[in-house]
Amino acid sequence: MPLKYVAFFILIFVSITINFTMPKRIIDKIQMITVAGYDYVDENTLKGTIATPIFLQKGEIQDILYTDDASMIYDLDTKLNTEASEDLENGKLAVVLFNEELAKHGVKDYTDFLLREPSIGSGLYLAVTEGSTNELLSSIKSMKGAGVYLSDLIKHNIQSQKHPDTNLKTFTYSLECETCDPFLPYFRMVDGKPKIDAIALFKKDTYIDQIPIEDSFVFNLLNGDIENGDYVLERKEFKAAIQNIDTDRKVIVNQQNGSINILLDIEIIGVIREYTGNRVLRDKGKIKKDLEKELHKKAEEMIKNFQEKNIDPIGIKEQIRSKIRALTIKQINDQYPAITINMHITYTNLESGTRR
Amino acid sequence: MIKDKDQVPPLMAFFLITGAQIGVGVLSFTSVINKYAGHDAWISIIVAGIIIHILIWLMYKVLNKYNGKDFAAIHREIYGKWIGAFISIIISFYLMFLAAVVLRSYMEIIQVWMFPDVKLWALLLLIMPLIYYIISGKFRIVVGVCFLGVVYPFTLMFALIYPLKYSKITNILPVFDHSLMEIVQSSALAMFSFLGIGALMIYCPFIKESSKSQKYAHFGNLYTTSIYVVVCFVSYIYYSQHEIKDIIWPTLGLWKIVELPFLDRFEYIGISTLFFVILPNLALYTWGSSRTLYRVLHIKQKWISITLLTVIYFICIVIEGREKILLASDFITKIGVGLLFYIPILFVMHFISRKVKRNAS
Amino acid sequence: MKKKLTEKKIQREFEKLFNDLKNSDDFIDYQIDHGTDKLSIGYFNSAIDNKKIEAFVLPYVQEFNYTDLEELDNIIPIANSFLTNDVSKIRRNLLEGFLFIHMEQSEQKYLLIPVPLMKTRQITSPEVEFSVVGPKEAFVESIDTNLNLVRKRLNIPELTIKKMKVGTITKTKVAVVSIKGIADKNNVDTVVQRIQDMDMDQVIDSSYIQQKIADNINSPFPQLLDTERPDRIAAILAEGKVAIFVDNSPHVLIGPTTLVEFFSAFEDYFLNWTIASAFRLIRVFAVFFSILVTPLYVAILTHHFEIIPKELLGTLVSSRSQVPFPPILEAIILELTIELLREAGARLPTKVGQTIGIVGGIVIGTASVEAGLTSNVLLILVALAALGSFTTPVYQMGNTIRLIRFPMLLFAHVYGLLGVSICIAYIMVHLLKLTSLGRPFFEPVFPYRPKDLKDAFIRLPFNLQDKRPFAVRSEKVLRETSNGKNDTS
């Protein structure tokens, strides 16, 4: 009996002592990169800027920016480590920015690193910036630190339906999926502050177009169900602010004589919160009609644009694939620019606030 | 004969079957089985589950005929002393190697996700005594480990709710997009995830009224199948097929998206909790291996266990790197599936041997 | 001739006995004249009650008339006196508080009269297992009083008491108590057998027996429950368990027991089942929290910073920014401080102990944070963990819970969350292996007995608990009820 215990003790003791010196990542002995930005320099070089927070007392955070040129992201990391006072760790990376130039050349090479590295989470936000990411990152003066600031900025815009849901997971999903194309938020510097200005559209991994953020409601409408969105209908005679919008998108796929026919059946339910006309109750029919018409027009333009550019950020092709067995993915991709997409948008007003 | 005190109630067959089946494979099987059937591969799991049900049924047919006898004894009876012993030893080596591969695969996950710099040989020194501690006791302890290894990690299933937020049901539509042949081909791959049921033939005498336990054994297999189907379903609506084929451990990827107010990145919790999933595997396989060897060689089980664990230890150290691990697990799963088909052979053999004996007498 | 020889032998033995006894200065013997005869009286002064001798022995000896010891025996109004000439019997009884009277004429006959000094503590309210509601009696250091406290609650003929004496020097009285027909005979036999087989020179307290007869003496987990509440003993005996009473010990041992029993306070049975269940769940949570919180802190801060949400990150990092040590050292320093405070508090008189606790807790805690030796987050966690470990109703289990943290801390430091998992696995397997009087200790979790779960992590109402727990293998599984026909007299 005692021999057994002694043997146990020795084995465990050896195990503990041998690995005792294993490199550790003690929370305050590392620098956590919270945001990284990549700018295009030339074909083989990129310029990376990373921000790591230094936590001061009482919840104050000061960012340190490191920047350098490198050929790939890991190379950059090793280079930047020579500048940093502590080991740089990717584990808490919250936002990764690409500048427009880089995005135009394709981002796949850079997202590979994010997927391969096990310590990086899938919830991080990717975004495209108009100017250099370095400039954007150095412009942020927030007690939260650049990483948390930017990720909160994107997160609350997603939550309030200003921007469609996006993160590393949805981006790579659309990138890897053979029928769809991804989109990302697009930042522009306004008065020295970053602002989500548009939705950047990608054809596979290259940035090709953008939708202004004002039209994001229509994009959301086409992309899927909205919960708690808002929209302002502007006419010459009145203005109406519609809130608490819930939408329900149904994609009906028909195949007739070999040509594919798509009907987007979108139901909108909302509440009128602000109305400059006379009485909501009386103008109900008009508001409904005008709203449906306006949305229909905008949506049609948007889809036409997608088809012209042969991109599918709203997942129409995936719907075709999942509903028609006979078609191969290549056939769907080939047919996509030519298929007819019809829309049927209906609006139902539920309430009009506390006034008639 | 096994003492009444050492036997476990029939209900425990549930945990023994499930504990032996679910292992590290649950992290990676989704990106393996879709080779032929694509997004329909979750149907293949159901098919594989049904095949395993049949095999369990066959095993009980044989076991009920040889009341209270285990693999070694049945082999001796059917094939005679020498061939019987030989087959028993092969099965025991297989179980030992299986334990080694399971342990090594888990260690690989630890190396990739948690500690790239860990000295594996030292870490293994921590785990080996634990396995010895389990199997040196009565069989009851092994069953207890299986029980806890099934009940406790069940909580991990709740972590699969969060990824649903980012899932698209269109990913697995249209259902039955693949031919029956493709689904069956994939279900052959899915069988790898159900290995280890053969151990039933070894521990059966330790179950009280073992014929009553058949019901629970089937329930155990049903439970495994449903866990696999749920994991597979969630994975396939979360990933697109094109995406999942490049991912080694898709299930861990599912947890990467989990963000709770007190906890980010659930996969680290998941990996460490998964230790309780592989522990029943290790305990049951090594115990089964040492028990069979003991029944054949009649050496003290204690020394057999120590030797086996030493061998497992060295196998784990020798297998190094993704490719070798893949090679080893491919090898062992092939043998494993081969051995699954040994069960019907055994079933047929026992009929023949009965006939022969009846004719002789 | 032969008779004379034996008489001589006995004579020699008596001389030897008296010589031995006179070695101790508290042995008193003197002679009184009674008519023609001479009476000699002897006793151990430290073992007898002088008042009893003055009131019930000496007046009768001196004032009544009698011719031999038999008559005297009848006169003296004390029960249980007897005549003997057995030397060893005399020796033993003298030590236990008898006095002897010898008449020179009545040859070798000695009259032994019990006049023991019975001084024990008053029955007080329980201190370790105090409860607000319910009975307030606790066991004292006398086995007879303790047995009486139980007998009072279970006045049925089936309550059987088996008495033994253990310890070659102390000769401590031990009583194994069980209810015949309810308790499993095997359990009783096991206990009796193990106590009889005990090889010890001294048994000072029941904990000696606990350590000696436990199934696995190397385990840090106590395998026999000890209690100071007679009501708990009565309830547990009625469940079919076996109790071990030890003289001079206010704690009574109970077996067989299971792990969950250590986390149930007896007060749980006095409260409504919903409240009691909630309290039990809180206690179970406290135990897990107490064991896991510091190892998890060390594991996550040393290896897995990814797990911490970014909102929490700032708090943790800035609280640690002044600390020069790795988390493990920080945690060990604090844990040791708490242990020191507890140990110092336990060794000092109550009032001083309390002051030390408060002063130490506040001053040392604040100072160490300000000096930058520990982070304030960890200070909170360690204090909560210590608090959690004190919610365990059984003191010995509380100690175990506090101490198994230390190896776990080490595992967590080296192998992070995996280390914590491995350590939990070791503890779990250990618990699976443990038995209490040969019955599995981890029951009803494993062996899984859903029926026993009714009174484990939660306590369901009494009318659902119609069966005795399976773990004790009671001979009567059903709790017999009177079907509403209670005795009204």
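Across chain B, Cα-Cα distances exceeding 30 Å account for 37% of all pairs. Put in order of Cβ neighbour count within 10 Å, fewest first, the listed residues B:TRP42, B:TRP303 become B:TRP303, B:TRP42. Diagonalising the gyration tensor over the Cα atoms of the range C:192-267 and scaling each eigenvalue by 5 before taking the square root yields semi-axes of 20, 15, 11 Å, largest first.
For the protein assembly as shown, a Kirkwood hydrodynamic radius built from all Cα pairs, placed in the Stokes-Einstein relation at 10 °C and 1.306 mPa s, yields a translational diffusion coefficient of 44 µm²/s. The residues neighbouring A:LEU264, those whose beta-carbon lies less than 9 Å from its own, together hold a net charge of +1 under the Lys/Arg +1, Asp/Glu -1 convention. Within chain A, the ratio Rg/Rh, alpha carbon atoms throughout and Rh by Kirkwood, equals 1.09.
Semi-axes of the equivalent ellipsoid of the range A:21-213 are 25, 19, 16 Å, computed as sqrt(5λ) over the eigenvalues of the C-alpha gyration tensor in descending order. Here the spin labels are modelled as points 7 Å beyond Cα on the Cα-Cβ line, and at A:PHE20 and C:GLN31 they lie 7.8 nm apart.
May I ask for the longest run of chain B untouched by GluC sites (Glu not before Pro) that are loop-located per DSSP and have at most 13 neighbouring C-beta atoms (other than their own) within 10 Å? Excluding the exposed sites themselves, the longest stretch runs over B:1-208. All Cα-Cα separations within the range A:61-145 were binned at 10 Å from zero, giving a P(r) of 14, 48, 36, 2, each value a whole percent of the pairs. Kirkwood hydrodynamic radius computed over the range C:341-486 comes to 19.4 Å, based on all pairs of distinct alpha carbons.
Positive end of the dipole of the range C:378-473 (Cβ unit charges, origin at the Cα centre): among C:ILE424, C:ASN463, C:ALA383, the Cα lying farthest that way belongs to C:ASN463. Legend: mean number of C-beta atoms from other chains within 10 angstrom of residue C-beta atoms, peptide B:138-145, equals 4.
Sorted on the mean count of surrounding Cβ atoms within 10 Å across their residues, most packed first, peptides C:274-282, A:172-180, C:97-105, C:59-67 read A:172-180, C:97-105, C:274-282, C:59-67. Considering the range B:12-132, its Cα convex hull presents a mean projected area of 10.7 nm².
For the range C:2-114, the equivalent ellipsoid derived from the Cα gyration tensor has semi-axes of 21, 18, 12 Å, listed largest first. Counting neighbouring Cβ atoms within 10 Å and putting the fewest first, the residues C:HIS413, A:HIS156 line up as A:HIS156, C:HIS413. The fraction of all Cα pairs in the range A:273-334 landing in successive 10 Å bins from 0 to the largest distance is 17, 30, 22, 18, 11, 2, given as whole percents. Can you tell me the orientation of helix A:146-159 relative to chain A, as the angle in degrees between its alpha-carbon axis and the longest Cα principal axis, to the nearest 10? Tilt of helix A:146-159: around 30 degrees. Mean projected area of the Cα convex hull of the range C:185-328, taken over all directions, amounts to 13.9 nm².
Packing around the peptides C:49-56, B:306-313, taken as the average count of other Cβ atoms within 10 Å per residue, puts them in this order, highest first: B:306-313, C:49-56. When A:TYR66, B:TYR162, B:TYR285 are sorted by how many other C-beta atoms sit within 10 angstrom of their C-beta, beginning with the fewest, the order is B:TYR162, A:TYR66, B:TYR285. With a 10 Å cut-off around each Cβ of B:114-121, the average count of Cβ atoms from other chains is 5.
Computed from Cα positions, the angle between helix B:180-190 and the longest principal axis of chain B comes to roughly 70 degrees. Each pair of Cα atoms in the range C:282-420 enters the Kirkwood radius, and Stokes-Einstein at 10 °C and 1.306 mPa s then converts it into a translational diffusion coefficient of 102 µm²/s.
The DSSP beta bridges internal to chain A are antiparallel in roughly 65% of cases. Counting, for every residue in B:239-251, the Cβ atoms of other protein chains within 10 Å of its Cβ and taking the mean gives 3.
Measuring spread by the Cα atoms of chain C yields a radius of gyration and Dmax of 29.9, 105 Å.
With contacts taken as Cα pairs under 8 Å and at least 6 residues apart, the range A:224-356 reaches a relative contact order of 31 percent. When both bridge partners sit in the protein assembly as shown, DSSP labels roughly 80% of those beta bridges antiparallel. Take every pair of alpha-carbon atoms less than 8 Å apart whose residues are at least six positions apart; their mean separation over the length of chain B yields a relative contact order of 40 percent. Entry note, the range A:1-61: relative contact order of 22 percent, from Cα contacts under 8 Å with a spacing of 6+ residues. Mean silhouette area of the range A:152-215, derived from the convex hull of its C-alpha atoms and averaged over all directions, reads 4.7 nm².
If you look at the Cα atoms of the range C:121-238, you get an Rg and a Dmax of 14.8, 42 Å. Stokes-Einstein diffusion for the range A:1-124 at 20 °C, viscosity 1.002 mPa s, with a Kirkwood radius from C-alpha pairs, works out to 126 µm²/s. Charge tally for A:PHE217 (other residues, Cβ to Cβ under 9 Å; Lys, Arg +1; Asp, Glu -1): -1. Across the range A:224-356, counting alpha-carbon atoms alone, Rg and Dmax equal 17.6, 55 Å.
Per-peptide packing, taken as the mean over residues of other Cβ atoms within 10 Å, places C:108-115, A:13-20 in the sequence C:108-115, A:13-20 from highest down. Scaled to the globular estimate 2.2 N^0.38 Å, the Cα spread of the range B:109-222, given as radius of gyration, is 1.50. At the listed q of 0.14, 0.26 Å⁻¹, the Debye profile of the range A:1-55, built from one uniform point per Cα, gives log10 I(q)/I(0) equal to -0.65, -0.98.
Every number in this text was worked out from the coordinates using simple rules, so none of it is lab data. Just so it is clear, the model here is predicted, and its values are computed rather than measured. Every residue, glycine among them, receives a Cβ derived from its backbone with ideal geometry; neighbour counts consider all protein chains shown.
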